[in-house]
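Structure first, then comments.
The values are calculated or read from the model by the stated rules, or taken from the named source; none is laboratory data. Every value quoted in this text rests on a predicted model; they were computed, and no experiment measured them. Positions of Cβ are backbone-derived with ideal geometry, glycine not excepted, and every protein chain shown enters the neighbour counts. In case anyone asks, the SASA skips ligands and DNA or RNA and just uses the protein heavy atoms, side chains included. Shrake-Rupley method; radii C 1.70, N 1.55, O 1.52, S 1.80 Å.
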Amino acid sequence: MIPAVGVIGAGSMGTAIAQSISRRAGEVIVFGRRQEVVDSINTDNYNKRYFPGLRLNPNIRARLMSDRLDIADCAAVIIAVPSSEVRAIVNATHDELTGKILITVAKGLEYPSLKTMSEIIREETGNPDLACFSGPTFADEIAYGHIAGATIGVDDDPLLRTTMSDMFSEFILDFSDDLRAVELCGVLKNVYAIGTGMWDSVYGNHNEHYTFLNMCYKEMCTFLKAISLDEDIFTKFCCFGDFSLTANVDKSRNRTLGLMVGKKIVKTPYLESGVTFEGSRSVKGIVELAKNHNIGMPIARFVYDVLSGNNNVRESVDTLIRKAP
Ligand SMILES: NC(=O)C1=CN([C@@H]2O[C@H](COP(=O)(O)OP(=O)(O)OC[C@H]3O[C@@H](n4cnc5c(N)ncnc54)[C@H](O)[C@@H]3O)[C@@H](O)[C@H]2O)C=CC1
Ligand SMILES: O=C(CO)COP(=O)(O)O
């Protein structure tokens with residue numbers, strides 16, 4: 001059992017992961033930005049903003065986020081904030097994070113650097129013990145203890161892998177030593193979830209839905225074949241599992257964004273909504289990565305064009321069909 005684990009981010013995923021690992025750790029310290037969230041966790045064992053109905057385990061404590069994180073007792077720190085926040089946070093808390101095992105659950109791609117979260121964390125901290133966690137893992141279902149599979153991207157270090165297995169023992173785990181490939185799966189699946197939402201806003205039949213799903217997965221695999229050092233990535237939870245979950249289930253924020261844009265319910269100012277739409281922030285980087293690797297990714301391009309306001313969904317979808325391989 002790990003004596004203490006820190007979790008940066010008291011949102012849906014930070015709270016859910018804290019609840020899951022709190023059964024395997026002596027103490028879990030969650031760092032949040034909002035005083036009312038910190039107070040609700042410490043006073044009532046509830047995160048009333050994200051999971052008002054879920055009583056949190058008593059060994060979960062909350063502290064207000066600051067640049068002087070009190071994590072001296074924590075052997076590991078999980079970074080569970082939106083990808084846009086990761087670099088600033090690890091840069092500001094560099095000293096406190098030194099020597100810790102750092103795990104990222106964020107699914108995003110920095111632009112214009114095109115770096116994944118683990119690459120940013122390694123760049124900012126220099127910590128050798130890094131891992132990423134990614135799979136079909138809706139936070140609410142984790143929080144309530146339902147089964148989920150996840151891929152741990154981590155170097156082939158037996159001690160580190162044992163620590164990860166113990167910390168995330170409530171999950172069905174597979175492993176990969178290609179952290180970038182694992183993280184790019186999480187980035188790509190968000191883009192295709194938006195695209196599938198857009199497609200489904202135009203075409204409502206089962207054949208049409210699964211035809212497009214296959215087109216997305218084919219494009220995703222083409223990209224991964226070009227970049228992944230792990231030849232088994234395609235059957236890992238971070239890939240097929242998370243792609244299927246997010247593209248098919250309306251609980252997904254990314255899929256919902258695609259549906260709403262496709263139905264013209266929202267226009268691009270949605271980024272100010274406060275909801276974490278990771279795919280809309282990452283799609284530009286994916287389009288650029290595809291160009292850099294000389295890979296045709298018409299669906300990622302379609303998502304980017306529509307979100308950029310360059311096209312309307314029906315015209316773009318019809319173009320996709322005409323060009324379908
Ligand atoms: N919600 C889910 O089902 C899952 C989310 N993830 C990933 O987890 C990451 C976090 O997303 P969610 O928890 O879903 O978002 P969320 O919007 O539910 O929560 C994000 C939290 O981060 C906090 N935050 C933002 N900047 C901060 C800072 N500088 N310092 C401290 N806290 C800060 C916000 O106050 C908020 O509480 C994303 O990359 C997402 O893709 C991964 C798997 C599942
Ligand atoms: O990553 C997730 C599930 O694995 C959460 O998906 P959304 O960000 O689309 O809600």
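Which residue pairs have Cβ atoms under 6 Å apart, sit 6 or more places apart or on different chains, and have a first residue in region 13-40 that is within 13 Å of ligand 1 (Cβ to nearest atom) and a second that is acidic (Asp, Glu)? Between residues of region 13-40 that are within 13 Å of ligand 1 (Cβ to nearest atom) and residues that are acidic (Asp, Glu), the close pairs are 20/170.
To keep it simple, each residue is scored yes or no on (1) more than 10 Å from ligand 2 (Cβ to nearest atom); (2) open to solvent by 40 Å² or more (accessible area, probe 1.4 Å).
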| residue | (1), (2) |
| --- | --- |
| 212 | yes, no |
| 217 | yes, yes |
| 225 | yes, yes |
| 229 | yes, yes |
| 242 | no, no |
| 249 | no, yes |
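Among the residues of region 141-161, are any surrounded by fewer than 22 Cβ atoms within 10 Å (Cβ to Cβ), at pLDDT 95 or above, at positive phi and more than 17 Å from the chain's Cα centre (by Cα)? Checking region 141-161: at least one residue is surrounded by fewer than 22 Cβ atoms within 10 Å (Cβ to Cβ), at pLDDT 95 or above, at positive phi and more than 17 Å from the chain's Cα centre (by Cα). Any idea which residue in region 41-59 is surrounded by the fewest Cβ atoms within 10 Å (Cβ to Cβ), counting only those that are in contact (Cβ under 8 Å) with a residue 40 or more places away in the chain and under 23 Å from residue 85 (Cα atoms)? Checking each candidate, the answer is 51.
Taken over region 184-200, the criterion of being open to solvent by less than 10 Å² (accessible area, probe 1.4 Å) and closer than 22 Å to residue 234 by Cα is satisfied by 184, 185, 186, 187, 188, 190, 191, 192, 193, 194, 195, 196. Would a scan of region 241-255 turn up a residue that is in contact with a Leu (Cβ under 8 Å, 6 or more places away or on another chain), modelled with pLDDT of 95 or more and within 30 Å of residue 128 (Cα to Cα)? So far as region 241-255 goes, yes, one or more of its residues are in contact with a Leu (Cβ under 8 Å, 6 or more places away or on another chain), modelled with pLDDT of 95 or more and within 30 Å of residue 128 (Cα to Cα). Let me confirm something: among 285, 258, 279, which residue is in a helix (DSSP H, G or I), modelled with pLDDT of 90 or more, in contact with a Phe, Trp or Tyr (Cβ under 6 Å, 6 or more places away or on another chain) and not hydrophobic (A, V, I, L, M, F, W, C)? The unique qualifying residue is 285. Identify all residues within region 174-183 that are touching a Gly at 6+ places or on another chain (Cβ under 6 Å) and either within 16 Å of ligand 1 (Cβ to nearest atom) or open to solvent by 10 Å² or more (accessible area, probe 1.4 Å) (or both); write none if there are none. Passing the criteria: 179, 182.
In the condition set (1) surrounded by fewer than 17 Cβ atoms within 10 Å (Cβ to Cβ); (2) within 13 Å of ligand 1 (Cβ to nearest atom), residue 171 is compliant with all but (1).
Region 55-143 holds strands (runs of 3 or more DSSP E) entirely within its bounds, and those carrying 2 or more residues that are away from ligand 2 (no atom under 16 Å from the Cβ) and farther than 21 Å from residue 239 by Cα map to 60-64, 76-79, 101-104.
Yes/no matrix, rows are residues, columns are (1) over 21 Å from residue 105 (Cα atoms); (2) within 16 Å of ligand 2 (Cβ to nearest atom); (3) within 18 Å of the chain's Cα centre (by Cα):
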position	(1), (2), (3)
10	no, no, yes
18	no, no, yes
21	no, no, yes
24	no, no, no
31	no, no, no
34	no, no, no
42	yes, no, no
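Take residue 281 and decide whether it is within 30 Å of residue 10 (Cα to Cα) and either outside the structural domain of residue 13 (by the TED database) or surrounded by fewer than 22 Cβ atoms within 10 Å (Cβ to Cβ) (or both). It is true that residue 281 is within 30 Å of residue 10 (Cα to Cα) and either outside the structural domain of residue 13 (by the TED database) or surrounded by fewer than 22 Cβ atoms within 10 Å (Cβ to Cβ) (or both).
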